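Working notes, structure below.
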Amino acid sequence: MAIYETHCHLNHPQFDTDGDDVIVRASESNVKRLLVVSYDLASSRRALHLAQSHETLSAAIGIHPEDANEWNDAVREELLGFCKSYPKQVIAWGEIGLDYHWKTYEPSLQKKVFIEQLAAAREASLPVIIHCREAYDDTLDILEECNAMRVVVHCFAGTVEQSLRAVSLGFYIGIGGVLTYKSAANVVQIAEQIPADRILIETDSPFLSPQPWRGKRNEPAHLTAVVSKLSEVLGKTTDEIEQITWNNATALFG
């Protein structure tokens, strides 16, 4: 079997000098498909370039809530243009959503940009990758009101109840290196309680390294630690975890 990395930022400057080596190490660790997720216009352009340059990479494009002021009609049209011109490379819209932790922009602006990007994703017929921090109820309310159907809430850190609500709406839950932390009992509970066919695995590279590499730059090869921990939590073999999460990812992203 093989591993599907559903959320990494190989378009981040931390990978500028050794990105090709990182991709090779991922392949050597059985990570055979990688979704490069964007956070602003420049990273969206970079993600598309990477997807064009590497057969195992695909791109997600979009504007993160901490860059909400970047969103405008011109950006919308450029991103939609990527979807129309490169449908094999651009397979998702994200990461988008709400972030109330840093308070970079008022919730009203974040919500407006979020809703408009959900509409753009629907126009492009793409699934969406959701960033949510300290805003789970508002995020889920908007997704439900907008009738969003193909959704993953990445790096889920809400409550068990919020995860079950997300699953009841048909969404996927992204689980990454945080699962391996001793302080992450809630993430373990979420993994135990949601259906296995709703779980996607991710690294969020270069952030949130699993425990063996904590404090160091994260990269897709480290996804093996998430597979191992999820295997332990769910009482399944690593091969079973790889198969289940691969099937889930291909069901959402193709």
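Every residue, every condition in (1) in contact (Cβ under 8 Å) with a residue 24 or more places away in the chain; (2) buried (at least 21 other Cβ atoms within 10 Å of the Cβ); (3) not charged (D, E, K, R), yes or no:
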| site | (1), (2), (3) |
| --- | --- |
| Trp71 | yes, yes, yes |
| Val75 | yes, no, yes |
| Glu78 | yes, no, no |
| Gly81 | no, no, yes |
| Ser85 | no, no, yes |
| Val90 | yes, yes, yes |
| Tyr100 | yes, no, yes |
| Glu116 | yes, no, no |
| Ala124 | yes, no, yes |
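Assess whether Thr104 counts as being more than 23 Å from Pro220 (Cβ to Cβ), polar (S, T, N, Q), over 14 Å from the mean Cα position of the chain (by Cα) and buried (at least 16 other Cβ atoms within 10 Å of the Cβ).
Here the answer is no, as Thr104 does not meet what is asked.
Could you tell me which numbered condition Leu200 fails, if it satisfies all but one of (1) outside any strand (DSSP E or B); (2) of a type in the set (A, V, I, L, M, F, W, C); (3) under 18 Å from His7 (Cβ atoms)?
Result: Leu200 passes all but (1).
Taking the condition of being buried (at least 24 other Cβ atoms within 10 Å of the Cβ) and out of contact with any Phe, Trp or Tyr (no Cβ under 8 Å at 6 or more places or on another chain), how many residues in segment 44-53 meet it?
Total satisfying the criteria: 1.
Of all residues in segment 136-154, how many are part of a loop (DSSP other than H, G, I, E, B) and closer than 19 Å to Ile175 by Cβ?
The number of residues fulfilling the criteria is 2.
Which one is nearest to Ile130 (Cα to Cα), of the residues in segment 184-210 that are surrounded by fewer than 18 Cβ atoms within 10 Å (Cβ to Cβ) and among the acidic types (Asp, Glu)?
Among those residues, the one meeting the criterion is Asp197.
In this structure, is Tyr181 surrounded by 15 or more Cβ atoms within 10 Å (Cβ to Cβ), at pLDDT 95 or above and out of contact with any strand residue (DSSP E or B) (no Cβ under 9 Å at 6 or more places or on another chain)?
yes
The values are calculated or read from the model by the stated rules, or taken from the named source; none is laboratory data. On a predicted model such as this, the values are computed, not experimentally measured, just so you know. Glycine gets a Cβ as well: all are built from the backbone with ideal geometry, and neighbour counts include every protein chain shown.
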